[in-house]
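Heads up: the structure comes next, in structure tokens.
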Amino acid sequence: MCNGPRCGATIGRTCQGQKKDLMGQSKVDIGRGEKGGEGAWGVERAEEEEEEAFVCVRGRESDWDNTLPTSSSVDFWSPESAELVNIDIDVDIRVPAMYLDMVYTTLQQSDMEHEVLIEDLQSAVDGQMDNKPSPRAHSYTKYNNWDNIQSWIASISSSNSNLISKQVIGNTYEGRPMTVLKLGKTSSSTKPAIFMDCGIHAREWISTAFCQWFVKEALSTYGSDSQMTSLLDQMDVFVLPVFNIDGYDFTHKSNRMWRKTRSKRSGSSCYGADPNRNFNAGWCTVGASSNPCSDTFCGHQPESEIEVKNVADFIRRNKSILKAYITIHSYSQLLLFPYSYSFSLAADHSELLKVADGASAALRSLYGTRYTSGPGAATIYPAAGGSDDWAYDLGVKYSYTFELRDTGRYGFLLPESQIEPTCEETMLAVKYIAAHVQKNLY
Ligand code: BHK
Ligand code: ZN
């Protein structure tokens, strides 16, 4: 119930019975810096369809009363009032529609960074009230949050039990289950297999969208697409839909630009390590940082990140059947293969390059999207501790890192309207690699 001191006259009908819940929603879509970083402020235009349209914002500022003459007209959610605002704390306010222009202008004139949390409070309120388990259902053409992906994992694997099964390979640092989906026609004999993961890096949302798309496509084209049918008849494809679940969840709830895991060790105030620097492949020798606050922190030791250890253990356990390792990142439109930790060419360099070039051509055939293929060190930058190098050195020959769309126009913030074309073209490349693997089992 709305029982705060400001419930009633100044807040109006929108708040009635809703204030606490809306606070929860106000955590969506914010992108703040790390502790001690520059403050962020937020406000923007709301959908002014109704008088009750508001925006909800979050930010930091030290001097509210001086910089925001409208402070008597805005609703402080956190802290509870303008007087309680301090340096370096987050400030959430709700701005009634009629004050939007004024507040927005003030924020711009005083050069305060700001982010909109809820553009249309009324629809957030309406959405909350329709009593569904999740306000935003799973969709293949949207960036689903972890809760929706988790429900999707449960439902897709139970509704297609002839072609799909699931297996928890361990929990994340924060205790979320890491579930691998196994796609393939059930067979009495052991089948060779491909392992694919998405979402090693939390902010690369198109990556995570691709694994869901792949699973859907595999299930829906088995029996009609001859290549998919043959692939799933002869091989199994293990899909880890979200590798770095804690980080992914954090990008939905707190910081859209988070990359690393969310582990924490005493001795540093910073969180997480880069999972793609934490594999035991030339670990931390190049292109990685030993500073826990860095975005490319290699971790305290190889596989210090539980997510990395869980995946490495799974791959080691299945080493004898795994013929290909595919990891999906974004962005840059690259198809990389070993090595990244060294400029040395892989023993299988020419075959890996030939397959990568073929896959890139297949991808390009759909919408003309151009990919560059090559070994990681020479094509992007030398970087040790990557999953593809580690899998390759373990003996998984066909080891590839995709960097999906785009080349920087939107970067990590690729619009949802590009999910479908990106996934469709990427399917062609992945299927090209899979077909080669299938024909060249070793
Ligand atoms: C790929 C493979 C091995 C090492 C590094 C990379 C590049 C990748 C990274 O880990 O820095 C780029 C990236 O996340 C953006 O997706
Ligand atoms: Zn990445």
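The values are calculated or read from the model by the stated rules, or taken from the named source; none is laboratory data. Here the structure is a predicted model, which is why all the values come from computation and not from measurement. Because the Cβ atoms are built from the backbone with ideal geometry, glycine has one as well, and the counts that use them run over all protein chains shown. Surface areas here come from the heavy atoms of the whole protein model, side chains and all, with no ligands, DNA or RNA. Shrake-Rupley method; radii C 1.70, N 1.55, O 1.52, S 1.80 Å.
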The correct ranking of R316, R176, R277, R265 by accessible area at 1.4 Å, largest first, is R265, R316, R176, R277
Highest mean packing first, using Cβ neighbours within 10 angstrom, the peptides 362-368, 280-286 sort as 280-286, 362-368
Carbon plus sulfur, as percent of the 1.4 Å-probe accessible area of the range 173-304, comes to 46 percent
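Report the calculated FRET efficiency for E174 and E420 (r = Cβ-Cβ distance, R0 = 30 Å), to the nearest 0.05. Mind showing how you got there, number by number?
Details: r = 31 Å, r/R0 = 1.04.
The formula returns an efficiency of 0.45 here.
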For R364 and S290, extending 7 Å from Cα along the Cα-Cβ vector and measuring point to point gives, in nm, a value of 4.3 nm
Links exceeding 19 Å between C-alpha atoms in this model, out of K166/K397; K216/K260; K191/K323; K354/K439, come to K166/K397; K216/K260
For I169, the accessible surface traced by a 1.4 Å probe with all protein chains present amounts, in square angstrom to the nearest 10, to 20 Å²
Burial-style ranking of 329-341, 187-199, 153-165, average other-beta-carbon count within 10 Å with highest first, yields 329-341, 187-199, 153-165
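Using mean Cβ contacts within 10 Å as the protection proxy, how do 371-384, 344-357 order, highest first? Write down the numbers at each step before the final one.
Numbers: 371-384: 19.2, 344-357: 16.6.
So the order, starting with the most tightly packed, is 371-384, 344-357.
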